[in-house]
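Inspection log for the structure reproduced underneath, given as structure tokens.
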Amino acid sequence: MAVCVVDHPLVRHKLGILRMASTATHEFRTVANELARLLIYEATKNFRTEKHTVRGWAGPVAVEAISGKKVTVVPILRAGLGLMDGVLDMIPGAKISVVGLYRNEATLEPVEYYVKLAKGLEQRLAIILDPMLATGGTLSAAIGLLKAHGCRQICSLNLVCAPEGIARIEAEHPDVAIYTAAIDERLNENGYIIPGLGDAGDRIFGTK
Ligand SMILES: O=P(O)(O)OC[C@H]1O[C@H](OP(=O)(O)OP(=O)(O)O)[C@H](O)[C@@H]1O
Ligand SMILES: O=c1cc[nH]c(=O)[nH]1
Ligand SMILES: [Mg+2]
């Protein structure tokens, strides 16, 4: 499985802002979307382009256009919505597939509560969005759901990952690439990433 830690000064700087406990909701939202733009830039690096000629201001000019890539972005409710606008800024034509999963606080198991997927998943690259990959239970469940609906190309954008979550996805879904800003130290006894960001959903939605 490919895990890509997007190592760039802008990524490290913006992640530092999210890590600060004093960062307020509106700034957290803004910076999370900025990071999503930087991660999607890397995640789309291997998209193929086709050359063609257009009429430019000084006559015909050779240009390139992305060739026939069908994409669905898959925000995992709630926190994944906090990355969606940034990704759609870069891929405005993407269809949106919404997956509602929350993690049971006692068992840490994912609980599904809403699913609405784009049509034609067999032909689409699915880009899953969730700021946090902790135990990996939620991401594994989302990938399993997409595969059960015929999706064969899947990657995941996660701002922060725990080594435990990466190991789980590696074992259960080795075909899925992960693009992240950081792999942190560990999970604590409540399944939160250390140092992490805290509860990303609460920080994005202001529900702390
Ligand atoms: O890797 P895991 O151990 O499964 O944990 C990660 C999940 O937990 C958080 O969601 P949460 O359950 O807090 O839901 P929310 O987005 O509604 O806050 C986070 O956004 C992930 O979806
Ligand atoms: O650290 C964590 C783990 C799961 N969910 C979060 O929002 N943060
Ligand atoms: Mg949450």
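Read-outs throughout are calculated quantities, based only on the coordinates presented, and are distinct from any laboratory measurement. In this text the structure is predicted, and so the values were computed from the model without any measurement. Glycine also receives a Cβ, built like all others from the backbone with ideal geometry; neighbour counts cover every protein chain displayed.
Assorted remarks:
- When the trypsin sites (Lys or Arg not before Pro) in segment 1-99 are filtered for DSSP coil states and for at most 10 other beta-carbon atoms within 10 Å of their beta-carbon, the remaining sites are K45, R48.
- Subtracting the Cα-Cα distance of I17 and Q123 from 0.36 nm times their residue separation leaves 34.4 nm of extension gain.
- Beta bridges per DSSP with both ends in segment 3-205, % antiparallel, nearest 5: 40
- Against the main long axis of the alpha-carbon atoms of the chain, helix 163-172 sits at an angle near 60°.
- Model label points for I66 and F205, set 7 angstrom from Cα along the Cα-to-Cβ axis, are 2.9 nm apart.
- C-alpha long axis of helix 137-148 to longest principal axis of the chain, angle in °: 40
- Note that the chain carries a Kirkwood radius of 17.6 Å, evaluated over its alpha carbons pair by pair.
- For segment 105-148, the list of GluC sites (Glu not before Pro) that fall in a loop by DSSP and count at most 14 other C-beta atoms within 10 angstrom reads E105.
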